[in-house]
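To start, the structure under review is shown below, and the notes come after it.
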């Protein structure tokens, strides 16, 4: 049991490329922390630095009160689940799980107890004598998990462990991982590029971009109050509609909004209505495309107006594409002009460069 | 190409490469360097005195018509062996590539001569075609051929080429078969639909798609004919009659051993070295080896 | 395809059987000759059917040798060949796999120069350095010894390249998982890399065993004592004497015995053989 603290952690490669530009994260004991971001954002590098597979160029990595920058991976008391599982192909499931324990000189009886227990929990007992290639993708994934839990480490590290599974299995394993982690209450750091996985798993969510932390905290809090336009568009699917606008326009419509230059509205926060709520915004749209997925429907509308009406009416936004999500499968026909609106509380305002959230 | 995941250790990697490095330096580089040095020296037959004579060994060599003959003969042997063995192997491979019953058996029955050592190949063939007791010589004489490879240089050369080509059939067959099997069957089907008859299909589709394999095998066969025919020649004709089956490698061997002319032998070694470097260079530079299997 | 039916198919079968006959004929003759009486062969009266002297010829060949020329039992020559072939095959694999491991899994000064030094030996076959190598082996007092037969042939650029190629395809995560599991470089090599290389080693072994068994020029040079002769050298010496004295049945039995181990390996381990042959030519 341990907390993990990253203090101003940096990674610069010999070529001069700065992969991690000073990251501060604090994961409390027993918490499930998810690092999320687009590919190349540095999240895997950061995880591998915690594991000890990458050297640390600057700052400190602290596991359970001990700075581990110079400690070998084997001595950090961590376990890792790899994206491709990295199972030893020539060893049986049992030996795969037992290998790390035996290397530490654990007694064979204790090894057996631990592996059997892990196999029971992960429902791998009937497969202990099989080789990895005789297992399905989901089973291999569970062996990789088993290899991590038998060690009873201070910290679990997960590097996109579900990305090689098909969609259905991914959801099932996601739930299993969460249940397992709750039960063992082992501090965990989990890397993914899938925002849905991130939202559902995390106690604490770290959104990364370009080697930096954009925002971290409770996932729902991040969803509700994204700190930057990057977070706003990365968390939530379909992404938030972001519209740049002139400050005077916003001011005239919304009132006190500082020097905001970008307005964001989530697709699900729109309603189709003829009214303009006080302090909110309304958009006239032409329906371009409809996607019905059963419980909900996405409307892709364009705000392109007639040429002569270049100036927007009060409360209307400049041209662009907008996604609107409405419940049910009723939708206006393609080509129809509709009017959608969002209330003041559902508007997100950002500075011109998108780096600052403005609370009005 | 480099691995990202590596170990940190200072001395271990040197310990791991040390055995190979030691053998390579002692038994490869040192002798090769010696050969180069020796090729500039003149040594008397008893090794009592040596003198540095610059390129005299080379000059002497290139003024020696016997050396020219050996060069021409070696290249002639190489091409004759390569062409005859390759064409026969290709024919067999094209047949074996067809969806025939027992094609695995055919493969097994055709590849094993690879394992027969060159001197044994020589013994087998000289026995069959021995002028006085060979079982095939009887028929040749019956057909009116005055067959005596132990006295007739051309016949001796033919015998060497035949035996050497025979041994190489299996190797060529195997690579041709692999090359053929690597060609997607849909290409043949498309050609068939385009109206190409089997013979035409072979020349317009199979052959061009197989050309990387053919080129690769051509180089390999030439290298084989240069070096591995030594055993065949040594058991069959010992370079004779006269010098009519002496190849470059055989000449290095006899000049050094029997003639005791180490300087000339060393110069010949160096020339061979250059030829190997050129052939290896060609092999690495031009052979798109991925296509062959 | 439709055209592959019927007549063309028979033609293909026929051509293949003709090919097999051509390939097999010399060996058939050798087997037949090894069961016949020498006098009959020497007269040029050899029958094309097996004779009745199988046991006596092979007994003489293996345990006694020729009565004229070398008088060395071929059984002993086979033993020499076997020891040499095994030493060469095992030695090449052992020193190549560890050097490839060092070159792929470590970074150290002179890594690439060392790789090139090994690689360039491809261009230095024994034929181009015969006498200087002979001299070194003589200076090291290794003439007429197994060490002299095997050691100078044990370096292998091909095997090193092959293992290097293979190691490059082993996922990095296996090493990382091993490191997390507490395995150091030697343990990773022994526990993971070596078991994973099994098929490659086996395929390579098949090829190298055949190449080792079939060595000729080198053993011819450095063995002077008859009891250190390999079978390939021995067979040549059996026909050095004038034709009339050559004991052809024994020579042919020796030829058959010389072919037997490598041909058996090719046929019995055909898949490994084909794989090894194709891989080593990369």
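Nothing in this text is a laboratory measurement; each read-out follows from the coordinates by a stated rule. Just so you know, these numbers come straight off a predicted model, no measurement behind them. Here the Cβ positions follow ideal geometry from the backbone for every residue, glycine too, while neighbour counts run over all protein chains shown.
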- request: Taking the Cα atoms of the range C:74-278, report the difference between the largest and smallest coordinate on each principal axis, in whole Å and largest first.
  value: 72, 40, 25
message: Give me the one-decimal nm value for the distance between modelled label points at residue C:139 and residue B:50, 7 Å along each residue's Cα-to-Cβ direction.
response: 0.9
- line: At 10 °C and 1.306 mPa s, the Stokes-Einstein diffusion coefficient in µm²/s for the protein assembly as shown, with hydrodynamic radius from the Kirkwood sum on alpha carbon pairs, is 47
- prompt: How high is the relative contact order of the range C:62-212, given as a whole-number percent (alpha carbon pairs under 8 Å, six or more residues apart)?
  reply: 37
The range C:139-221 - Rg (one decimal) and Dmax (whole number), Cα, Å: 17.5, 53
query: For peptide C:115-123, how many partner chain Cβ atoms fall within 10 Å of a residue's Cβ, on average?
result: 5
message: Quick check on the exposure proxy: order B:101, A:7, B:107 from fewest to most C-beta atoms within 10 angstrom.
response: B:101, A:7, B:107
statement: With a Förster distance of 30 angstrom and the Cβ-Cβ distance between residue C:56 and residue C:225, calculated FRET efficiency to the nearest 0.05 equals 0.60
field: Residues B:30, C:17, sorted so that the one with the fewest Cβ neighbours within 10 Å comes first
entry: C:17, B:30
Kirkwood-based Rg to Rh ratio, the range B:1-109, C-alpha trace: 1.23
field: Cα principal axis extents for the range B:55-290, largest first, Å
entry: 65, 48, 28
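What does the average come to when, for each residue of peptide B:90-103, you count the partner chain Cβ atoms lying within 10 Å of its Cβ?
Averaged over the peptide's residues, the number is 4.
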- request: Taking chain A as the reference, fit the longest principal axis to its C-alpha atoms, fit the long axis of helix A:93-103 to the helix C-alpha atoms, and give the angle between the two in degrees, 0 to 90, nearest 10.
  value: 70
- prompt: Taking Cα pairs under 8 Å and at least six residues apart, what relative contact order does the range B:55-290 come out at, in percent?
  reply: 30
- request: Take every Cα pair under 8 Å in chain C that's 6+ residues apart, average their separations, divide by the length, and report that relative contact order as a whole percent.
  value: 30
message: Taking 56 Å as R0, compute the FRET efficiency from the Cβ-Cβ separation of residue B:154 and residue B:2 and round it to 0.05.
response: 0.50
task: Mind pulling the angle between the C-alpha long axis of helix C:74-105 and the longest principal axis of chain C? Nearest 10 degrees, somewhere in 0 to 90.
output: 20
query: Which percent of Cα-Cα pairs in chain A sits in each 10 Å bin, short to long?
result: 5, 21, 25, 20, 15, 9, 4, 1, 0
statement: One quarter of the C-alpha convex hull surface, i.e. the mean projected area of the range B:190-280 in nm², amounts to 8.4
- line: Projected onto their principal axes, the Cα atoms of the range C:17-115 stretch, largest extent first, over whole-Å spans of 69, 38, 19
message: Within 10 Å of each Cβ in C:151-158, how many Cβ atoms from other chains are there, averaged over the peptide?
response: 4
In range of the label at residue A:18: residues from the range A:319-358 whose backbone nitrogen is under 12 Å from the point 7 Å along Cα→Cβ: none
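Which of the three applies to the range A:1-126, rounded, prolate or oblate, going by the alpha-carbon gyration tensor with a ≥ b ≥ c and a/c under 1.5 meaning rounded?
Prolate is the answer for the range A:1-126, as a/c is 1.5 or above and a/b outweighs b/c.
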- prompt: Points 7 angstrom from Cα along the Cβ direction at residue C:199 and residue A:134: gap in nanometres?
  reply: 1.7
Convex hull volume per residue in cubic angstrom - Cα atoms of the range C:6-56: 89
message: Taking a ≥ b ≥ c as the square roots of the Cα gyration tensor eigenvalues, with a/c under 1.5 meaning rounded and otherwise prolate when a/b beats b/c, else oblate, which class fits the range A:125-200?
response: oblate
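Using the number of other C-beta atoms within 10 angstrom as an exposure proxy, rank C:54, C:273 with the fewest first. Kindly include the intermediate steps, with their values, before the conclusion.
On the way: C:54 15, C:273 25.
In order of increasing Cβ crowding within 10 Å: C:54, C:273.
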message: Which of the three applies to the range C:185-282, rounded, prolate or oblate, going by the alpha-carbon gyration tensor with a ≥ b ≥ c and a/c under 1.5 meaning rounded?
response: prolate
Label-point gap, in nm, between residue B:279 and residue C:190 - each point 7 angstrom along Cα→Cβ: 4.3
